[in-house]
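Beneath this line is the structure, given in structure tokens, with notes to follow.
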Amino acid sequence: MIRNYPESAYLSLASEMDPVMAKIYASRGIHSVSEIDYSLDKLIPFQELKNAERMANILCEAISVKKRILIVADYDSDGATACAVGMLALSRMGANVDYIVPNRFEYGYGLTPEIVRLAKTRNPDYIVTVDNGIASVEGVEEAKRLGIPVLVTDHHLPGESTPDALCIVNPNQAECSFPSKHLAGVGVMFYVMLALRAEIRKKSSSVPNLASLLDLVALGTIADVVRLDINNRILIHHGLRRIREGRANPGILALFAISRRVPEKATSFDLGFMLGPRLNAAGRLEDMSLGIACLTSPDVSDAFEIAQKLDTLNSERKSIETKMQEEALSILEGLGEETGYSISLYDPSWHQGVIGILASRIKDKYHRPAFAFAKGINGEIKGSGRSIPGFHIRDALDLVAKHHPGLILKFGGHAAAAGLSISESDFVAFEAAFEETASTLLSAADLERIIETDGSLDTAEMTIELAQRISSQVWGQGFPEPLFEDLFIVVSQRIVGDKHLKLRLQREDCFFEAMLFSQSDLLPEKIHAVYSLSVNEYNGRTSLQLTIRHWLAARPEDDRPSSSGALP
């Protein structure tokens, strides 16, 4: 389906930029160039984030009297980058700060009572949570019992009750009027550090430049797949800019090096699909302390040594994921052609750290909300879910919990992703309950995959200059990378790397080099393809390359894509 856009918005933008870019921006809700002005002074002020200044006051006082601050981090990329921002910023502002990150296999998610008791062995005066804590009612109670005040920084949706913490900063908490509800956990921590810096500046002119942490903020924001509203795009824009200008933190540079990507040409894709998975691998298979050590290392060579370990873990994760995906597809094929409104799968041999990726792959293949479960401890199994547009998976779990009391032991998440724990003996009951809920919230039309594109390009518009303009911008969740659709003749094709197709395509009198990844079956002579523009660099030569994202065999009567789009 070709994205629509208001003609008035397009005309306003086209008067000041390339017409193709004007259409792209107009179809993403942009009406004027001021909405793509990513100056740092356009960030929402920290004063608008509820309790940010109050938490800054508490931290400022703690620093002044040398109190011990312990960060309790989450074990994904968002939690790791949020922890790194906190560690680096607080230490540069004179704090006595340390961190722990729960091993997901021993402690589970969030500030649990068990983690609090582990934290107590460090003798902290304050616990600061990053990317978790808003659901940690019992954990905060345990901390209070042990005499440790808790400061919560989080972005997840609150449950029916919130913890009795000393201070909570979360744009999604009640009575918080902060305009952007899509800050990642790292964004929330960055805002608290901005408030703290302003508080310290009242007493001292010696304060760090927090812009030096924006590369970490960009990585965590993109990797957590939060919606890229203008505030998040500003943060990411400046993070990418610092990386391209050679001012990135050593850990970021190490991750670029191990990923064989060029920092000077950093893109949203690099952060989301190359660096993010390598960082996440630590939390999925071992301990995110390794990832945080990489991000906070002051030395590039030391950081690179850690990044090599992360790369090895990521390769291991890929191998585990491939095996699990084959097993999951085998289960689904055994169920026959009839697929309901949701998919829930469990195998006791599956790896708990990889079920989120598995759920995402199943969701993508079948275009249904999907949960994958792995064995936990004490008779429990842990599930990770991913959703499709129009289905709020965390709210769906809330409905299941209300309609089937006791079935879900605990859950949390947001619209696109969620996690939960249930008793192993209740898997079949959960599968039925979740299917029942999904069937009431989704229609058959919702289960039809729709690929949105930015329409056809004239061959004269298919240039390396347009590809470079696109790659330099911020794209991600809610602000998708441009995709185009056209008819092509397949002039030649060959398999490279055992599983990819290298293509030479023709449109009218023009020829284009193209790649179709993760497919080795040869294409028909004429295809209707959805593609993105990319820049290929090889042996010092820069050229335009198309990346084929979806394709169908062209029909005999096709000569151009229809306005409704020919791909389902």
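No value in this document is a laboratory result; all are computed from the given coordinates. What you see is a predicted model, and the numbers here were worked out from it, not measured in a lab. In this analysis, Cβ positions are derived from the backbone assuming ideal geometry, glycine residues included, and neighbour counts consider all displayed protein chains.
For the chain, the relative contact order works out to 11 percent when only alpha carbon pairs closer than 8 Å and six or more residues apart are counted. In terms of distances greater than 20 angstrom between alpha carbons, the cross-link table entries K265/K365; K318/K365; K23/K526; K323/K365 yield K265/K365; K23/K526. Debye-formula intensities of the chain, expressed as log10 I(q)/I(0) at q = 0.07, 0.10 Å⁻¹, are -0.43, -0.90 (one equal scatterer per alpha-carbon, no solvent). Protection proxy ranking, highest mean first, for peptides 281-290, 45-54: 281-290, 45-54, where packing is the per-residue count of other beta-carbon atoms within 10 Å, averaged. Dipole orientation for the range 335-447: of the candidates A416, I362, F434, A416 has the Cα lying most toward the positive pole (charges on Cβ; Lys, Arg +1; Asp, Glu -1). One decimal place: the segment R122-R54 gains 22.0 nm when fully extended, by the rule 0.36 nm per residue minus the C-alpha distance. In the range 44-310, with Lys and Arg counted as +1 and Asp and Glu as -1 at Cβ, which of these residues, S161, V97, V130, has the Cα nearest the positive end of the dipole, that is, farthest along it? After comparing all options, I get V97. Dividing the convex hull volume of the alpha carbon atoms of the range 1-46 by its residue count gives 85 Å³ per residue. Can you compute the label reach from E160? Point 7 Å from Cα along the Cβ direction, backbone N cut-off under 15 Å, restricted to the range 409-429. Flagged as within label range: 409-412.
Ranked by how many other Cβ atoms sit within 10 Å of their own Cβ, fewest first, the residues V20, V85 fall in the order V20, V85. Within the chain, what percent of beta bridges assigned by DSSP are antiparallel, to the nearest 5? Just about 70 percent of them are antiparallel. Computed over every Cα-Cα pair of the range 414-496 and binned at 5 Å starting from 0, the pair-distance distribution P(r) comes out as 2, 8, 11, 14, 13, 12, 9, 9, 9, 8, 4, 1, 0 percent. Report summary: the helix-based calculation at 222 nm, which adds -39500 (n - 2.57) for every DSSP H run with n ≥ 4 and divides by the residues of the chain, gives -11500 deg cm²/dmol.
Extension gain for S425 to F269 (0.36 nm times residue separation, less C-alpha to C-alpha distance): 52.1 nm. At R0 = 30 Å, how high is the FRET efficiency between I331 and K181 if r is their beta carbon distance? Nearest 0.05 is fine. The value I calculate is 0.25. Distance between the C-alpha centers of the range 4-75 and the range 422-448? Whole Å please. Each part reduced to its Cα centre gives a spacing of 36 Å.
Computed from the C-beta positions of V262 and Q519, the FRET efficiency with R₀ = 22 Å rounds to 0.25. Take the Cβ atoms of E465 and V33, set R0 to 25 Å, and the FRET efficiency comes out at 0.85. Annotation: peptides 416-429, 207-220, ranked by per-residue average of other Cβ atoms within 10 Å with the highest first, follow the order 207-220, 416-429. Set the Cα radius of gyration of the range 70-196 against 2.2 N^0.38 Å, with N its number of residues, and you get 0.96. Once the Cα-Cα distance is subtracted from the 0.36 nm per residue extended length, the S443 to E316 segment shows a gain of 41.9 nm. Highest mean first, the peptides 386-393, 314-321 sorted by other C-beta atoms within 10 Å per residue fall in the order 386-393, 314-321. Distance distribution note for the range 335-447: the fraction of Cα pairs above 18 angstrom is 42%.
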